[in-house]
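Presented below is the structure to which this report refers.
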Amino acid sequence: MSDNVLINQIREAVIDGQAKVAVAKVEEALAEGLNPEVILHDGLISAMTEVGQLFEDGEFFVPEMLIAARAMKGALELLKPLLVDQGVEPLGKIAIGTVKGDLHDIGKSLVAMMLEGAGFEVADLGVDVSPEKFIAEVKNGAQIVAMSALLTTTMPNMKTTIDAIVEAGLRSQTVIMVGGAPVTQAYAEQIGADGYASDASAAVRKAHELIGQ
Amino acid sequence: MTEVVFQPVGKRVTAQPGDSLLIAAQAGGVGISAVCGGLGICADCQVRVLQGAVSPLNDSERDRLSDADIAGGIRLACQAVIAGDGVIVVDIPAESLSAPQRSQVEGEEIPLPVEPAIRIHDLSAIPPSVDDLRGDWERVRWENERVRWENERAQGLTPSGWRITAPVLADLPGILRQHDWHARLITNESDAVRWLPPDGVPLGFAVDVGTTGLAAYLVDLQTGHTLGITGATNPQIVYGEDVMARLTLAVHDPEGRARLQTTILDGLNDLLHTVCDQAGAHSEDVVDVVAVGNTAMHHLLLGLPVEQLGAAPYVPAISSAVRTPARALGLDVAPGAWLYLPPNVAGFVGADHVAMLLATATPDRPGVTLSLDIGTNTEVTLNAHGRLWCCSTASGPAFEGAHIRDGMRAAGGAIERLMWQNNGLRWATINNLPPVGLCGSGILDAVAVLRGAGLISPTGAMRRGHPDIRREGHRSWYEIVPAHQAGHGRAVTISRADVNEVQLAKAAIRAGIKLLVERAGLSEQDIDRVIVAGAFGNYIDLANAVAIGLFPPLPPEHFHQVGNAAGIGAKRLLINAGERQRADALVRQLDYIELTNHPDFSDRFAQAVRLEPEPWE
């Protein structure tokens, strides 16, 4: 918790999923001259950490997490250009997408938002993402590739993507995370991924762990 | 050789060591619920092994079952493998049985002239003599050539153009001789379909092949009257409750596709014989058949490959209408009858949605009409002043009772209606049996009623500190029916996790509606009428559906619950061949919008999870 009233209001607005309030309070905080980096860390990231904790505790479900993440995202858009100006470095860069042949979006987008809310730079490549697109993002500086598959029919495309990354000679510099309803820890190990997460909150923890922060 | 005895159904099934209990159940036609198709994911197929040797508990089971379940001897039928010879006795708890549900076959009908695809020709012939040795077929054709020539020349349907196959021809000599050289021929385009006695009634068979339920109709093709009507559970359900589970089986098991096709054809023949028995008719007098279904059901019925349907971009083997010999597929109908399936739209928006739109006259209505068919996938079409947009949204099986702890299909003992009265909950069950669970409409009512009473917040959380909200650790739930009043001696409850499922289902539907309306440049308030089709849609309480934000807040008179419009549409395609042309035209008119990669879908979905009539910011 911060000593600043506005920061705490931002934090609460995000946790409660009040998108408009969150944005208004960030504007107010900026107008009062608060440091964007402080707003990011003590407001948004702190709020999303709490949301993740509430989810893990079974207190929050996907709807509350979605609503909160949407509020966070609106507020983050305001801060992003200012953070770039200040030279604030993200925790790391993650390329995320649903694998080729799979059009499921919601779960993947939630993971993307939670990662963003934790301070990572996230390139959301969308759905039906080919191995080539993931590889292009790795060449573009992504340290983590996060793949999702919601169908048993498309799950094998995670392996295809990993194989393509190996083929491209980029495996040693890439951390690979997988998830999605039919995916398990055992399957992740079997296809040679570095990590598996069962939900959006676990994905944030896993990303921290995998890049050692 | 092992014998597996399934209780309480009492079915004995012969099986091989190495088979899972689920495979044994499926082979014996014992309906165990298995949404995931036996992959060990859904944990629906919980059974208790009372006797006999099966494989030890595996990791999938340890992951999916609670400690209490494991202690109580619960196993997953798909994971427990027969380990040896002898007798295995398995108990199936009620909630694992894929119980036959109340089928929805009735629907509203708009009158239609009787102009079927088949034609009726009353023919006569001069008996043969030693001076006239022509064959029977040439004899009836020649006799009628001149008469027919004048009125049918324009369509090229003169008798000289008729084609006949041996199985159809086989009935001709007998009928001519039994009826004093008179006979009635049924043709479809230029093909001879069936010989009938001079007063024989040509029949049509229409069927709606739903993922969960089947609805079938027998129609008199001279009058257009419905002679028989019946419904059943889709027998493919033993191979998985959702479309993807069945596609996976068809793709991964070399015999899967053939097995699924045989299963549905057997199911359709059962329905055919049921409706024919109702009408006192012979199934061989069915001279035309129409089937509608989503793209997956369509392919599995026709025995088409489904690999390309299992992954994006979900391309069907064929989009246009299909006309194929019905007997060759295995339907017990007239030897020359054709099976017609209307065109598919795109993705999983299939021929059933086309039929539903025809039956509800959605394309012809003035103003702004929203038509939806709610199921595991919900198809939505918007007619905005003559422009048609449609989408399919993955609403999931929550409204069919799946993924809900005390959820069940619409079978006896399911709570279908809930209301708050005199400070307490009152419920109504199907067939007035003691309550054992909640079906789709009951689940929706439960969420709406608890939300209305302030026990659930707009985000779906259960109110803290309220005496009626029970908590154990972080699990919270509301007890709807206490154990002593329930039919199975266990309380019927709704938990935070159940509310979550309802939120995700309704958000998918509402986000789809919102995006179509936005695409048309309108707002939800511009909608003049909402047509709600399908079994679930027919039974829901509209005020509750609006209260939780499943539908936009429009005046009650804007909503029309029309029942099984897809089934009625199939019947219309049978009665009037013009409907088939209208189906082709409609599909060309429909603008399909893919929601899954729509840039605004996640945002609209995230807003629509709120349990409020107007969730939009």
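The values are calculated or read from the model by the stated rules, or taken from the named source; none is laboratory data. These figures come from a predicted structure and were not determined experimentally. All Cβ positions, glycine included, derive from the backbone under ideal geometry; neighbour counts span all protein chains shown.
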Contact list please: Cβ distance under 6 Å, first residue in the range B:574-598 and more than 14 Å from every other protein chain (Cβ to nearest Cβ), second residue β-branched (V, I, T) and surrounded by fewer than 18 Cβ atoms within 10 Å (Cβ to Cβ), pairs at least six apart or on different chains. B:I575/B:V114
Helices (runs of 4 or more DSSP H) enclosed by the range A:1-89 - at least 1 residues per element that are in contact with a Phe, Trp or Tyr (Cβ under 6 Å, 6 or more places away or on another chain): A:46-56, A:62-86
Cβ-Cβ distance below 7 Å, separation of 6 or more or different chains: which pairs start in the range A:183-210 with a residue that is assigned by TED's automatic domain parsing to the domain that holds A:A69 and end on one that is buried (at least 17 other Cβ atoms within 10 Å of the Cβ) and of a type in the set (S, T, Y)? none
If you take the residues in the range A:112-145 that are more than 10 Å from chain B (Cβ to nearest Cβ), within 21 Å of A:E77 (Cβ to Cβ) and touching an Asp or Glu at 6+ places or on another chain (Cβ under 8 Å), which one is surrounded by the fewest Cβ atoms within 10 Å (Cβ to Cβ)? A:A123
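Taking the stated definitions as given, is B:Q278 surrounded by fewer than 18 Cβ atoms within 10 Å (Cβ to Cβ), in contact (Cβ under 8 Å) with a residue 60 or more places away in the chain and within 22 Å of B:N576 (Cα to Cα)?
Against the criterion (surrounded by fewer than 18 Cβ atoms within 10 Å (Cβ to Cβ), in contact (Cβ under 8 Å) with a residue 60 or more places away in the chain and within 22 Å of B:N576 (Cα to Cα)), B:Q278 does not qualify.
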Based on this model, can you work out whether A:V166 counts as crowded, with 22+ Cβ neighbours inside 10 Å and not basic (K, R)? no
Name the one entry in B:A446, B:A461, B:A486, B:A508 that is within 30 Å of B:L595 (Cβ to Cβ), surrounded by 16 or more Cβ atoms within 10 Å (Cβ to Cβ) and away from chain A (no Cβ under 14 Å). B:A446
Being under 16 Å from A:P182 (Cα atoms) and either touching a helix residue (DSSP H, G or I) at 6+ places or on another chain (Cβ under 9 Å) or crowded, with 23+ Cβ neighbours inside 10 Å (or both) is the filter here; which residues of the range B:242-256 pass it? B:D242, B:V243, B:M244, B:A245, B:R246, B:L247, B:T248, B:L249
What are the residues in the range B:505-539 that are assigned to a loop (DSSP other than H, G, I, E, B) and farther than 18 Å from B:P615 by Cβ, if any? B:A520, B:G521, B:D528, B:G534
What tally of residues in the range B:254-276 results from selecting those that are farther than 19 Å from B:P325 by Cβ, in contact with a strand residue (DSSP E or B) (Cβ under 8 Å, 6 or more places away or on another chain) and of a type outside the set (S, T, Y)? 5
Yes/no for A:S148 being at the interface with chain B (Cβ under 10 Å from one of its Cβ atoms), among the polar types (S, T, N, Q) and in contact with a Ser or Thr (Cβ under 8 Å, 6 or more places away or on another chain): no
Of all residues in the range B:195-229, how many are under 17 Å from B:G569 (Cβ atoms) and not in a loop (DSSP other than H, G, I, E, B)? 15
Across the range B:290-308, what is the number of residues that are of a type in the set (A, V, I, L, M, F, W, C) and within 14 Å of another protein chain (Cβ to nearest Cβ)? 2
So, in the range B:54-69, of the ones that are part of a helix (DSSP H, G or I) and either within 35 Å of the chain's Cα centre (by Cα) or at positive phi (or both), which residue ends up farthest from the other protein chains (Cβ to nearest Cβ)? B:D69
Matching residues in the range B:568-608 - criterion: being over 18 Å from B:V380 (Cβ atoms), buried (at least 20 other Cβ atoms within 10 Å of the Cβ), at pLDDT 95 or above and among the hydrophobic types (A, V, I, L, M, F, W, C): B:A570, B:L573, B:L574, B:I575, B:A583
Restricting the range B:309-328 to residues that are over 20 Å from B:L573 (Cα atoms) and more than 10 Å from chain A (Cβ to nearest Cβ), the residue that is modelled with the lowest pLDDT: B:V315
Out of curiosity, is B:G487 in a loop (DSSP other than H, G, I, E, B) and in contact with a Gly (Cβ under 6 Å, 6 or more places away or on another chain)? yes
So, in the range B:464-478, how many residues would count as being more than 11 Å from chain A (Cβ to nearest Cβ) and exposed (fewer than 15 other Cβ atoms within 10 Å of the Cβ)? 4
Output for Cβ contacts, cut-off 7 Å, separation at least six or different chains, first residue touching a residue at least 60 places away in the same chain (Cβ under 8 Å) in the range B:533-551, second β-branched (V, I, T) and in a loop (DSSP other than H, G, I, E, B), reads B:A533/B:T360; B:G534/B:I374; B:F536/B:I374; B:G537/B:I374
